[in-house]
Amino acid sequence: MDAATLTGLVKELNTANGDGKTDEVVRILKKLKTEVEPSEDLLRSSKAGVAIGKLRSSSTSTISSLAKEIVKSWRDVIEENKKKRKRDDGDDGSKPVKKEDGSAKRVKAEAGSSAKATTPSVASPIPNSVSTPDTKEVKQETNNKNKSPSPSNSSSVEQRQPLSTIDSSRTTPRTSKSDGVDKSLKADNSDGASDPVRDKCVVMIYDALACDSTAQNKILIERAMGIEKYAHKSTNYSTGNDYRGKMRSLFLNLKDKGNPALRNEIVLGYISTEKVANMSKDEMASESVRALNEKIASDNLFKAKAVGETQAETDAFKCGRCQQRKCTYYQMQTRSADEPMTTFVTCTNCGNRWKFS
């Protein structure tokens with residue numbers, strides 16, 4: 001069933017429900033249950049999920065049970081499609097690398113390109129013992145920690161790498177001060193001028209990456225300098241509010257205790273420093289946060305209230321069933337233009353519905 005047909009059925013369903021035509025509502029629900037192949041785009045464009053989701057609280061048991069069955073089956077199909085896309089496409093559409101040798105080469109290539117991309121263009125004020133990026137060191141650490149990389153290790157950011165550079169047992173956070181490099185950490189300034197704001201941001205990023213890391217100082221310095229460099233570039237080489245807001249956001253997301261996999265991938269070079277500087281908060285989120293966001297998005301297809309006629313809350317009507325004055329109502333022209341509008345009232349306490357002209 002296409003979107004236009006489904007949208008038409010949803011309108012018929014809303015009208016029949018508003019008029020209190022139970023048999024018609026049941027007929028449309030059964031048709032939707034058997035003929036619709038749900039997808040997120042289809043349900044959003046037609047607002048079918050929201051319309052049927054509201055019917056789960058119907059006072060008519062047949063309607064409510066049918067609505068619950070449809071919502072459950074549609075949600076299951078959507079979740080299964082998401083999982084299938086993740087398995088087939090690695091979440092971001094990239095195809096898995098089939099050969100182990102190719103995977104290992106790709107890991108090394110990415111680590112090497114990341115190191116080159118973040119190499120300072122002029123002499124750095126950092127001591128020689130820690131300032132010179134060493135791509136071989138990255139390769140060596142990758143080989144030592146992950147001696148047999150699998151296709152999943154090189155497919156995408158979504159498929160988290162083994163935490164080979166993370167010490168989960170660390171109780172005291174590692175910082176630039178504890179490593180003795182806080183005074184020498186400087187931003188990568190192409191014009192040679194020192195900027196205290198940028199230097200401080202490099203220290204912040206270093207601290208975020210180092211908090212539970214086992215990587216060597218010079219690797220962390222290289223990553224911190226690269227991230228700050230591209231963040232500065234993305235804000236038009238300014239250190240104003242936009243730049244400071246971006247750096248705060250990067251710092252908070254990178255040091256998140258629940259997301260060690262992101263730090264691990266950045267240190268190993270699976271994610272380039274340029275990409276890190278331009279990642280959104282959703283892209284940097286941990287697996288648990290991503291799963292929660294997906295569940296919320298899926299539930300919102302059925303729980304949103306922005307469907308059907310606009311309704312107003314009032315205490316002007318009294319429910320004949322529960323005697324409460326907690327009602328919503330809307331008006332619709334159901335007869336000729338010279339006739340008064342029909343008012344449809346719903347009790348929010350017991351779900352009772354009635355209408356009058």
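Each reported figure results from applying straightforward, stated rules to the coordinates on display, with no laboratory input. Keep in mind that this is a model prediction, so the values were computed, not measured. Here the Cβ is made from the backbone with ideal geometry for all residues, glycine too, and neighbour counts use every protein chain on show.
Odds and ends about this structure:
- Anisotropy class of the range 1-91 from Cα gyration tensor, a/c 1.5 cut: prolate
- Ordering 36-49, 204-217 by mean Cβ neighbour count within 10 Å, with the highest value first, yields 204-217, 36-49.
- Across Lys47/Lys83; Lys30/Lys72; Lys86/Lys295; Lys177/Lys218, pairs whose alpha-carbon gap is larger than 19 Å: Lys47/Lys83
- Packing-based ranking of 226-236, 63-73 yields 226-236, 63-73, ordered from highest to lowest mean Cβ neighbour count within 10 Å.
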